[in-house]
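The values are calculated or read from the model by the stated rules, or taken from the named source; none is laboratory data. What you are looking at is a predicted structure, and each value in this text was computed from that prediction instead of being measured. Neighbour counts run over all protein chains shown; Cβ positions are idealised from the backbone, glycine included. When the accessible area is computed, the model is the full protein with side chains, heavy atoms only, and any ligands, DNA or RNA have been set aside. Shrake-Rupley method; radii C 1.70, N 1.55, O 1.52, S 1.80 Å.
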Amino acid sequence: MKQLLQSLLPFIPYPYRGEFIPCNLCGSEDKTVISSKDRRWKPLKTVACTECGLMRTDPMPTEEELNRYYRDEYRFDYQLAGKRPPKFHLVRSMRDAKNRVTKLEDWLKPGARVLDVGCGTGEFLKLAKDRGCEVVGIEPGSSYAAFARSEYGIDVINSPWQDAELPQASFDVITCNQVVEHLRDPMAALAAMSDWLKPEGVAYISVPDMRPNSKPTFERFHFAHIYGFTPDTLHVAMARTGLIAAQPDELESTSTVFRKTDGDETITLPLQDQSRAEALSAGYPNDTIVRYFFGGRYFRDTAHRFHKWRRDTFCEKKTQTERQSHQHPEQPATLNTDARA
Ligand SMILES: [Zn+2]
């Protein structure tokens, strides 16, 4: 209980020591501080690698500390094991799944082998299965994995990705949606996905776009998101595992369909480019929480979040539409939401 409170209360540091590690993408130890707080107004240091621009939490929580965080954070969820996840979660997850299906329309053919890494409650795989695909999910959360199995009859490997023993070159489509930023070794996970993919297969990878925007600096950071990507660092990371954007105009996006490179083909972005960290440093001003709170923005943002939660929990009309389009998968989804946000 003490650790749960330490994780939730503002201004109090998270109960972790962490360790200093080099950049997961380029191996450099040089870094520049981007933010010293997170969205719970707690001290949390985020740095960018000076050489390649990949952002990370510093010091990095150990595997054990992360496991403890998830266990405390999702304690309520674990206690609900065997029951249904909250409705707003399922509504958001289905909306996102439809969006993903639209992006992968050309590849989700009957008989295609589809893997979703971090499949959550399984809505995307359910839609792929309805299209005649053979589907498999990897999901470390026991209650989510159990729900995907019982509700949709999906084959789910309930373990971390490292423990999933899957044959090489065995999938036509692999998706990994809003998961890579949570992993301690994102490069190893992406390399594994590249290995599991058939030579002519595609991988859809989506991570939050951490380029600076109009939100206050601390609002962008979250203890569970231990890495932060921009389009540049995501595409460089993917290229290092032998994957490039299937469409050249997707180089500006962090939600992209990738394909295997043929031979010497590569992207023009260099691994190291110091202007990336400089741009991040300049783009994330040192906002003060006092100004955010007393300037009224805190109340506006809270009201907005409440509106979204209420809409996804109680809006029957919308779920009716969702149900109809669910029966007609050709109907495109138009909204994209981070189902885990
Ligand atoms: Zn780096």
- prompt: How would Tyr204, Tyr16, Tyr298 line up by accessible area, probe 1.4 Å, largest first?
  reply: Tyr298, Tyr16, Tyr204
message: Let me spell out the model: positive unit charges on the Cβ of Lys and Arg, negative unit charges on the Cβ of Asp and Glu, origin at the Cα centre of region 114-253. What dipole size does that give, in debye rounded to 20?
response: 240 debye
- request: Give me the number: length gained by fully extending Trp309 to Phe11, i.e. 0.36 nm times residue separation minus the C-alpha to C-alpha distance, one decimal in nm.
  value: 104.8 nm
message: Residue by residue through region 49-65, what is 3J(HN,Hα) from phi via Karplus (6.51 cos²θ - 1.76 cosθ + 1.60, θ = phi - 60°)? Round to whole Hz and write x for glycine and proline.
response: 5, 5, 7, 10, x, 5, 8, 8, 6, 9, x, 7, x, 6, 4, 5, 5
Label zone at Lys198, where the point sits 7 Å out along the Cα-to-Cβ direction: region 82-111 residues whose backbone N lies under 17 Å: 104-111
task: May I ask you to evaluate 6.51 cos²θ - 1.76 cosθ + 1.60, the Karplus curve with θ = phi - 60°, for each residue of region 97-105 and list the ³J(HN,Hα) values in order in whole Hz, giving x for glycine and proline?
output: 4, 5, 4, 5, 4, 4, 5, 9, 2
task: Treating only the Cβ atoms of Lys and Arg (+1) and Asp and Glu (-1) as charged, compute the dipole magnitude of region 130-200 about its Cα centre; round to the nearest 20 debye.
output: 80 debye
- request: Using R₀ = 30 Å, calculate the FRET efficiency as 1/(1 + (r/R₀)^6) where r is the Cβ-Cβ separation of Glu151 and Tyr74; round to 0.05.
  value: 0.95
task: Quote the Stokes-Einstein diffusion coefficient, in whole µm² s⁻¹, for region 201-273, based on the Kirkwood radius over alpha carbon pairs, a temperature of 25 °C and a viscosity of 0.890 mPa s.
output: 186 µm²/s
query: Considering only DSSP beta bridges whose two residues both sit in region 1-148, what percent are antiparallel, to the nearest 5?
result: 65 percent
task: At q = 0.16, 0.29, 0.31 Å⁻¹, what is the base-10 log of I(q)/I(0) for region 99-142 according to the Debye formula with one equal point scatterer per Cα and no solvent? Please give it to two decimals.
output: -0.37, -1.06, -1.16
- request: At 7 Å along the Cα-to-beta-carbon direction for both Gln168 and Glu64, put a label point, then send me their distance in nm to one decimal.
  value: 3.4 nm
Length gained when the stretch Phe299-Glu252 is fully extended (0.36 nm per residue, less Cα-Cα span): 13.7 nm
Order by protection proxy (mean Cβ within 10 Å, highest first), peptides 105-113, 185-193, 302-310: 185-193, 105-113, 302-310
field: When region 1-109 is reduced to its Cα atoms, the Kirkwood hydrodynamic radius in Å
entry: 17.0 Å
message: Given all pairs of different Cα atoms, what value in angstroms does the Kirkwood hydrodynamic radius of the chain take?
response: 21.0 Å
query: Which one of Thr46, Ile34, Met94 has its Cα pushed farthest toward the positive end of the charge dipole of region 1-100, where Lys and Arg give +1 and Asp and Glu give -1 at the Cβ?
result: Met94
message: For a quick size check, give me the Cα extents of region 165-319 along its three principal axes, largest first, whole Å.
response: 56, 46, 30
query: With +1 on each Lys and Arg Cβ and -1 on each Asp and Glu Cβ, how big is the dipole of region 1-153 about its Cα centre, in debye rounded to the nearest 20?
result: 720 debye
query: Can you tell me the accessible area per residue over region 57-201, all protein chains present, probe 1.4 angstrom, in square angstrom?
result: 40 Å²
message: Checking the a/c ratio against 1.5 first, then a/b against b/c, what shape does the Cα gyration tensor give for region 171-224?
response: prolate
task: Two decimals is fine: what's Rg over Rh for region 148-255, C-alpha atoms, Kirkwood radius as Rh?
output: 0.99
message: Please report the carbon-and-sulfur percent of the accessible area for region 1-151; probe 1.4 Å, protein heavy atoms only, DNA, RNA and ligands left out.
response: 54 percent
- request: Could you run the Karplus curve 6.51 cos²θ - 1.76 cosθ + 1.60 with θ = phi - 60° over region 232-238 and give me ³J(HN,Hα) per residue in whole Hz, x for Gly and Pro?
  value: 4, 5, 5, 5, 5, 4, 5
message: Classify region 55-193 from the C-alpha gyration tensor, please: rounded if a/c falls under 1.5, else prolate or oblate depending on whether a/b exceeds b/c.
response: oblate
field: Cut-off under 5 Å, modelled amide H: who pairs with Ile154 long-range
entry: Arg149
query: What is the antiparallel percent of DSSP beta bridges lying wholly in the chain, to the nearest 5?
result: 50 percent
message: Per q in 0.20 Å⁻¹, report the Debye log10 I(q)/I(0) for region 126-204, using one uniform scatterer on each alpha carbon and no solvent.
response: -0.99
- prompt: If packing is taken as the mean number of other Cβ atoms within 10 Å per residue, what is the order of 64-73, 88-97, 213-222, highest first?
  reply: 88-97, 213-222, 64-73
